[in-house]
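See below for the structure under consideration.
The values are calculated or read from the model by the stated rules, or taken from the named source; none is laboratory data. A quick note: this is a predicted structure, and the numbers were derived from the prediction, not measured. Cβ placement follows ideal geometry from the backbone for every residue including glycine, while neighbour counts extend to all protein chains displayed.
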Amino acid sequence: MSQPLRRKCPDCGLVNARADESCRRCGAALYEEEFIEPPHSEAALPVKPKKRSLLKRLVWIISATGILLIIFYASLLFSADKPNPDQLVKIQNAIDLLQRRGFSREAFVLSRVASFRTTDNWLNAYVGHRDAYAATNFPFEVVTLYPEFFEVPVDDCERAAVLLHEARHLFGDGEDAALENTWKGKRQLGWTTEKYKQTRVWDATMRLTKARFPYMFQCGGDGQTDCL
């Protein structure tokens, strides 16, 4: 604690210097207990806390956001079941087929980025979804493959068509863009009318595509044939 630098006269109230033994105005004796602090001494000033710099604030916000995203992503994974070994084989065969048919970007994101699950995570269960072979949580890149994905397609090519659709969601495309891209790429994939027109996957995809993009089905003599 700092020593007082001045003292006040008990009789007239004049503030005298510390070295004074008597009051300069009235001459009264000054004693030790009359020492007072100067009105604006450093000891009297409150200490202001240092403010965080803008950079530190940004780092804190980014770090906190990153931690929350990691927790959210982990919750999606741990609240759903992983594929079993047989299911993993079917998934990998479909991805390999995409790679061989020239869909390298889609094959890469499916094999290197996506995390596959076979039951709904808590988010899918909460928001619900329409009947589908698969669902994708973007941007967390979690792909849920339902039992129909493994049971309904007749071969790896049809499962590859489903994964081609989901790969577009992994890139951030909406439902219409993913559907259009898959239908336009079906011949490159080898998923053609001649071979698959009787399958459930083909029929459902064609009906949905025709409803969303009627301009693709205005060819042929009847004006209703698939133009692609």
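Counting only residues that are touching a residue at least 40 places away in the same chain (Cβ under 8 Å) and among the hydrophobic types (A, V, I, L, M, F, W, C), which one in the stretch 126-148 is farthest from T199 (Cα to Cα)?
My answer is F140.
Is the stretch 93-110 home to any residue that is basic (K, R), farther than 20 Å from G174 by Cα and either at pLDDT below 90 or surrounded by 10 or more Cβ atoms within 10 Å (Cβ to Cβ) (or both)?
Scanning the stretch 93-110 turns up at least one residue that is basic (K, R), farther than 20 Å from G174 by Cα and either at pLDDT below 90 or surrounded by 10 or more Cβ atoms within 10 Å (Cβ to Cβ) (or both).
Is there a residue in the stretch 173-194 that is of a type in the set (S, T, Y), crowded, with 19+ Cβ neighbours inside 10 Å and touching a residue at least 40 places away in the same chain (Cβ under 8 Å)?
Looking for residues that are of a type in the set (S, T, Y), crowded, with 19+ Cβ neighbours inside 10 Å and touching a residue at least 40 places away in the same chain (Cβ under 8 Å), one finds none in the stretch 173-194, hence no.
Between a residue in the stretch 94-109 that is assigned to a helix (DSSP H, G or I) and any residue that is among the polar types (S, T, N, Q), which pairs come within a Cβ distance under 6 Å, given they are 6 or more apart or on different chains?
Listed by first residue and then by second, the contacts come to I95/S111; A107/Q99.
Answer with yes or no whether R7 is surrounded by 12 or more Cβ atoms within 10 Å (Cβ to Cβ), of a type outside the set (S, T, Y), modelled with pLDDT under 90 and not in a loop (DSSP other than H, G, I, E, B).
Spelling it out, R7 is indeed surrounded by 12 or more Cβ atoms within 10 Å (Cβ to Cβ), of a type outside the set (S, T, Y), modelled with pLDDT under 90 and not in a loop (DSSP other than H, G, I, E, B).
Taking the stretch 11-30 on its own, how many of its residues are part of a loop (DSSP other than H, G, I, E, B), without any contact (Cβ under 8 Å) to a residue 12 or more places away in the chain and of a type outside the set (A, V, I, L, M, F, W, C)?
Count: 4.
Among the residues of the stretch 198-227, which ones are farther than 15 Å from D176 by Cβ and modelled with pLDDT under 90?
Within the stretch 198-227, F217, Q218, C219, G220, G221, D222, G223, Q224, T225, D226, C227 qualify.
Given the structure, is T144 of a type in the set (S, T, Y) and either farther than 30 Å from F72 by Cα or out of contact with any strand residue (DSSP E or B) (no Cβ under 7 Å at 6 or more places or on another chain) (or both)?
no
Given the options D81, D131, D155, name the one that is farther than 18 Å from T182 by Cβ and over 18 Å from the mean Cα position of the chain (by Cα).
D81
Specify which of the listed residues (D176, D203) is out of contact with any helix residue (DSSP H, G or I) (no Cβ under 7 Å at 6 or more places or on another chain), part of a helix (DSSP H, G or I) and over 20 Å from L98 (Cα atoms).
D203
Which one of V59, V89, V152 is touching a Phe, Trp or Tyr at 6+ places or on another chain (Cβ under 8 Å) and either at pLDDT 95 or above or surrounded by fewer than 18 Cβ atoms within 10 Å (Cβ to Cβ) (or both)?
None of the others qualify; the one that does is V152.
Going through E158, E194, E166 one at a time, which residue ends up being of a type in the set (D, E) and more than 30 Å from F78 (Cα to Cα)?
Selected residue: E194, the only one of E158, E194, E166 that is of a type in the set (D, E) and more than 30 Å from F78 (Cα to Cα).
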